[in-house]
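Below is one structure, written out as structure tokens, with a few remarks after it.
The values are calculated or read from the model by the stated rules, or taken from the named source; none is laboratory data. Keep in mind that what you see is a predicted model, and the values were worked out from it rather than measured. A quick note on method: Cβ atoms are made from the backbone with ideal geometry, for glycine too, and the neighbour counts reach across all protein chains shown. Protein only, heavy atoms only, side chains kept; ligands, DNA and RNA dropped before computing areas. Shrake-Rupley method; radii C 1.70, N 1.55, O 1.52, S 1.80 Å.
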Amino acid sequence: MSESLTYLSGVKNLTRKKRMICCVVTAEASSIEQRQLLRGITEQNQQREVDTVVLSNIYNPNIKSQEFDCENMIYDIINSEDIDYIIILIESFVNADLRKTVLDRVFRRNIPIIVVGSMEEQFDNDQIFYVNTNDVNDIEDVTNHFIEVHGFTDIHLITGWDILQASHTRVVGYRRALESHGIPFDENKVFFGDFWTSSGIDLANRYYSGELKMPQGIVCANDYMAYGLLDRFAELGISVPEDVSVIGYEYIAGREMHTPFLTTYQRNRYELGIIAAKKGYSVISGTNYEYTSPSGSVIHGDSCPCGAKKETIIKELRASAVRKDFENFNLFNTLDQELTLARTLVDFLKVCGTYHWRVKDVNDIIFCLFKNWYDSESEPSESLSCMSIVPWETVEPFDFRRNALGQFLNRWDNPCCYYFTPLFFNDRFFGYSVLKYDYPMGYFDSYRNWIKSVSNGLEFLRMKNDIKYLTQCQNLSEKRDTLTGMLNENGLRGVYQILSEEENAVMVVLKVCISYEVFSNIDGKVEAIVDSAEAVRQFCGSRENCGRVNDSTFVCIIREECEPETAADKLSSVLIQHREYMEKCGMDSFICTAVRCEGRSYSELYEECGRNFEEKGHELEKLKNQPHYSEMLRIRSYIYMNPQESYEPDKLRKLYPYSTGHLRELYKKCFGVSIHQDCISARISRAKYYLTATPMNMSEIAERCGYVDSKYFLRQFMSAVGMTPGRYRNAAK
């Protein structure tokens, strides 16, 4: 590997740590809730001469996705033997799988562990200590505000998922407030949501429709659900607080983006952070520390009759302006361009140092790259090379052993807070970006854009210096289609020379995106091509016997015994179930044909398929010239996308507001088949897709296609296709 990607270090390894280390494990440390907690933790640790190491990912999606697996390798540092105690901010992990993985790793450590948040009952032993605000007391205070300040007696509550203990804990506080004032508790006035804006929107719609009677006030168990309510009420013309008052919980950022200004409740997270740090230090030092859950306070807004306080609004608007400035700094600058021009790692780091100001309030940024970070085929090395980029000119590079936090922190004399975040590109883990703060502070969400630019730039630098990669790219352009990764025509012709002489070989050709006018821009066409390529791969089971031979034409060579008509039918059935393509192009946007190879040349077969395309294209144009064609095609597309539904007269009237008899007449004129028979064909088409692309058994397929009786499904499939589902599955497999 070129020396342009490496640098040398002459610094001695220091193995003994100077200070005690507290490791804070969290997710998305840039969020306001985590920033408040971390400020309290860091401030208390610095007073006690303790270093704070914060481990956090950059993204924190609720859904499980392999795209984010690599960045979560940052939590490997939990294994460091230099950590004296751990504080985990449990509520920051919205992804249940990641939360379990991290908890398993944390609780394997034989050191004191402070859990900030709700108790995890499956993890309960002498080394684990829980600290939290008191949700019951807090929600009681929130509800009391409506009762005692505004005299409300009809109050609703929206809380989180029914399966979460935290959701029910907040119901307890709401109920306690009501009953302490002689107001009966009614479970029909409690609604379970998902702690997100969608829950508030759904509840607002239920009030507007008349399904629910509007109360005097609505208590929201977090601000996100309250924002959803306010936004939807504003759209529906429901006045807050004139028609109904709304109060939130947790006081997250963003009140200025919703109307009216939300009245909410601020949990005392800063004080809770102090408590967590004190508890951890007391356990490790063998002293006794008892605490009382800190109380929060109502933050006045305009969503209840109190009205917002001017000084609070000014403070929030100023903070919002600062965040907006840093977002703009990250959008409107030339960092990305300058990073792509860097030829060596030294040049690259100089550019990063020049733009370090884009990370608010940071005192230093240290890049820690695995020694073999540029090697795409090896596991990360056990040692890392580190470079401080602030200021670039005065700091020399140094090395440290993986997870040897003491060795890393020994370079600084005073206790500080160090945020370790991942440097990664796709599934390639480069190392860590470490943000050093000399005083209690943290980074904004805009840091994501900065670190994304750095990570992308590192990958670009690696590729420019990787001769093997460049060779692969050259090969790709000769035999591969760069958009889909499938074979191009040159590559496919080579494969055909090998497969064509086999007795049962069949060429299947698919032409997509026939109507180019359906695309408003090139992106729409690209997305449709990519989705249709995925359909072809599902049909073939491989990308080594299929290819994209021109802008919108795919060719597959299949070897198993199969009638050409069946092969074309299977590929068509798979494509019809690709919703993204169908929504962009429609059911009349493709033609599929197949011919048996029989030892003929590639060009001869392709020309025959071309003649078939021309003939089928004329037939398709005739259909399109039918009166009411577009309207009938919309209905047909809906039926094929939702074949499991029952299309009784009431359902058909929703699809076509005139008489069902007129619909049936027009439909048959357009497509040459009755709408009833096409509903059956739609179910059979969905079944063909499952038979081709999935291992589902017949009962599962029947159910997915809307059949109550699997035997009836088998009979209807046999009648429509002329063969059993099992035989169809094995054809052209």
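When the charge dipole of the chain is built from unit charges on Cβ atoms (+1 for Lys and Arg, -1 for Asp and Glu) and taken about the Cα centre, the candidate among Pro397, Ser118, Gly286 whose Cα reaches farthest toward its positive end is Pro397.
Using Cα atoms only, what is the angle between the long axis of helix 522-540 and the major principal axis of the chain, expressed in degrees (0 to 90) to the nearest 10? Once rounded, the angle reads 70 degrees.
Helix 629-641 and the long axis of the chain differ in direction by around 60°, with both axes built from C-alpha atoms.
If you sort the three axes of the alpha carbon gyration tensor as a ≥ b ≥ c, you get a/c of 1.5 or more for the chain and a/b no higher than b/c, which makes it oblate.
Distant-in-sequence amide contacts of Asp364, defined by a placed amide H-H separation under 5 Å and a gap of 5 or more residues or a different chain, comprise Lys436.
In summary, the lysines within cross-link reach of Lys669, defined as a Cα separation below 16 angstrom excluding same-chain residues under 8 places away, comprise Lys622, Lys624. From most to least packed by mean Cβ count within 10 Å, the peptides 155-168, 645-658, 712-725, 571-584 give 571-584, 155-168, 712-725, 645-658. When peptides 679-686, 74-81, 49-56 are ranked by their average number of other Cβ atoms within 10 Å per residue, the highest-first order is 49-56, 679-686, 74-81.
Across region 198-207, computed HN-Hα scalar couplings (Karplus, 6.51 cos²θ - 1.76 cosθ + 1.60, θ = phi - 60°) run 4, 5, x, 4, 4, 5, 4, 5, 5, 5 Hz from first to last residue, x flagging Gly and Pro. Between their Cα atoms, which of Lys17/Lys315; Lys584/Lys711; Lys278/Lys315; Lys310/Lys360; Lys189/Lys324; Lys570/Lys651 are more than 32 Å away from each other? Flagged as over cut-off: Lys17/Lys315; Lys584/Lys711; Lys189/Lys324. Within a straight-line Cα-Cα reach of under 20 Å, Lys464 can be paired with the following lysines, leaving aside sequence neighbours fewer than 8 residues apart in one chain: Lys350, Lys371, Lys452. To the nearest 10, the accessible area of Arg634 is 120 Å² with a 1.4 Å probe. On a 0 to 90° scale, report how tilted helix 467-479 is relative to the longest principal axis of the chain, with both axes built from alpha carbons and the result rounded to the nearest 10. With both axes taken from Cα atoms, the answer is about 30 degrees.
Phi angles of region 225-230 translate, via the Karplus equation with coefficients 6.51, -1.76, 1.60 and θ = phi - 60°, into HN-Hα couplings of 5, 5, 4, x, 4, 4 Hz per residue; Gly and Pro are given as x. Summary of packing: across the peptides 26-34, 272-280, the per-residue average of other C-beta atoms within 10 Å ranks them, highest first, as 272-280, 26-34. From its DSSP helices (H runs of at least four residues, each -39,500 (n - 2.57)), the chain gives a residue-normalised ellipticity at 222 nm of -14000 deg cm²/dmol.
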